[in-house]
Amino acid sequence: MQKPHLSVHKWRMLPLTIASQQNHIDLSEQLLMAALPGEPATLYWSQAESRGLVLGFSQKHSVLNQAALNTQLIPIYHRRAGGTAVLVGPELLSLDVILPAGHPLLLPDIVESYRWLGTVWAKTLGSLGVEARLVSPEEAHAQRALLKQEGTREREAILNRACFGSLSSYEVTVEKRKVVGLDMIRRRAGSLLQAGLLLKWDIEPLVELLGHTPKEQTILREELPERAVGLDTLTGRIVPAMEVISAFEEAFSTMV
């Protein structure tokens, strides 16, 4: 893979690591805690070596269908960022960006701090033949407002159990379906931005794990394919993780 021309004084590029999801969670935390002002920011690519479900910081185990959990025997993890459940494994490519305190991309406005990363991802997908766009803050706010409306509250609450069932500002979509999800952790030492790209969108494990009743599972089964889409569907082929990484780093080198 040809490396883009990035200054080693500004960025540290770690290779793709395939390991247990807990290893990725722990290493991300260690990298953030070790960040020092003036030192290079870090890009860390990862994939979970086996399927698991990662819950958001505030999500409880009660969000899960215990019967399905007992049947699937899938490990459950907790990330330290917000958001909701994400299915990890070979179908998801993750990127952690560790920005030390004082880094120019670490903005006072938390929402605007996502914009540059979403922009790089949209350009990356464009180079892979996929026309993508960023979710505007207004669009994200409008979807969140559905949680407060009587006619849509129940359905939205169910779909929001899955990270890819909802939209946040500057995430990346194709025809209103999310392809790249984003979240963030902010600490005194710096900021950790996390991105997840759906290489493939397999909804059935989420339907079973997050749907407690037949009605809830029907909502998830019918609506999740309209909320997100895998890169394989968009391109008509299986795109290797290393091809995505190469495209991202090329886009990154021209924009950062």
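The values are calculated or read from the model by the stated rules, or taken from the named source; none is laboratory data. A quick note: this is a predicted structure, and the numbers were derived from the prediction, not measured. Quick reminder, even Gly has a Cβ in these numbers, built from the backbone with ideal geometry, and neighbours come from all protein chains shown. Accessible surface areas use protein heavy atoms only, side chains included; no ligands, DNA or RNA. Shrake-Rupley method; radii C 1.70, N 1.55, O 1.52, S 1.80 Å.
Give me the extension gain from residue 136 to residue 50: residue separation times 0.36 nm, minus the current Cα-Cα distance, reported in nm with one decimal.
Working: separation 86, 0.36 × 86 = 30.96 nm, distance 3.33 nm.
Roughly 27.6 nm would be gained on extension.
Which of rounded, prolate or oblate describes segment 37-81 when judged by the alpha-carbon gyration tensor and an a/c cut-off of 1.5? Don't skip to the answer; put the middle values down first.
Working: a/c = 6.68, a/b = 2.06, b/c = 3.25.
Oblate.
At what distance in angstrom do the alpha carbon centres of segment 30-72 and segment 179-256 lie from each other?
Using only Cα atoms to place each centre, the spacing works out to 13 Å.
Express the Stokes-Einstein translational diffusion coefficient of segment 1-125 in µm² s⁻¹, to the nearest whole number, given a Kirkwood radius over alpha-carbon pairs, 20 °C and a viscosity of 1.002 mPa s. Numbers along the way, then the final one.
Numbers: Rh = 16.4 Å.
Once the numbers are plugged in, D ends up at 131 µm²/s.
Taking 8 Å as the Cα distance limit and 6 or more residues as the minimum spacing, I'd like the relative contact order of the chain as a percentage. List each step's numbers first, then the result.
Values: 473 pairs, mean separation 58.0, N = 256.
Taking the mean separation of contacting Cα pairs over the length of the chain, I get 23 percent.
Throw me the Rg/Rh for segment 52-162, computed over C-alpha atoms with Kirkwood Rh, two decimals.
We get a ratio of 1.00 for segment 52-162.
Give a residue-ordered list of calculated ³J(HN,Hα) values for segment 240-256 (Karplus: 6.51 cos²θ - 1.76 cosθ + 1.60, θ = phi - 60°; whole Hz; x for Gly, Pro).
Listing the rounded values in order: x, 4, 5, 5, 5, 4, 4, 5, 5, 5, 5, 4, 4, 5, 8, 10, 10 Hz.
Who wins for biggest fluctuation among 221, 155, 188 in a Gaussian network model of the chain, springs between alpha carbons below 10 Å?
188
Just the Cα atoms of the chain, one point each, no solvent: what log10 I(q)/I(0) does Debye give at q = 0.14, 0.15 Å⁻¹?
Debye output, listed in q order: -0.95, -1.10.
Report the net charge of residues surrounding residue 175, where surrounding means a beta-carbon distance below 12 angstrom and charges are Lys +1, Arg +1, Asp -1, Glu -1. Please list the in-between numbers first.
On the way: positive: 133, 176, 177, 178, 227; negative: 131, 226.
Once positives and negatives cancel, what remains is +3.
What are the principal axis extents of the Cα atoms in segment 176-247, in Å, biggest first?
Projected onto the principal axes, the Cα atoms of segment 176-247 cover 44, 37, 21 Å.
How large, in percent, is the carbon and sulfur part of the accessible surface of the chain at a probe radius of 1.4 Å? Working shown, then result.
On the way: 6600 of 12050 Å².
Accessible surface attributable to carbon and sulfur in the chain totals 55 percent.
Is segment 100-165 rounded, prolate or oblate when judged by the Cα gyration tensor, a ≥ b ≥ c being the square roots of its eigenvalues, rounded requiring a/c under 1.5 and prolate requiring a/b larger than b/c? Intermediate values should be presented prior to the final figure.
On the way: a/c = 2.75, a/b = 1.51, b/c = 1.81.
Note, shape of segment 100-165 comes out oblate.
Measuring with a 1.4 Å probe in the full set of protein chains, what accessible area per residue, in whole Å², belongs to the chain?
Numbers: 12050 Å² over 256 residues.
For the chain, the solvent-accessible area averages 47 Å² per residue.
Spelling out what I want: for every residue of segment 165-178, take phi, set θ = phi - 60°, compute 6.51 cos²θ - 1.76 cosθ + 1.60 (Karplus), and round to whole Hz; glycine and proline get x.
Values, residue by residue: x, 9, 10, 10, 4, 6, 5, 10, 10, 10, 6, 6, 9, 6 Hz.
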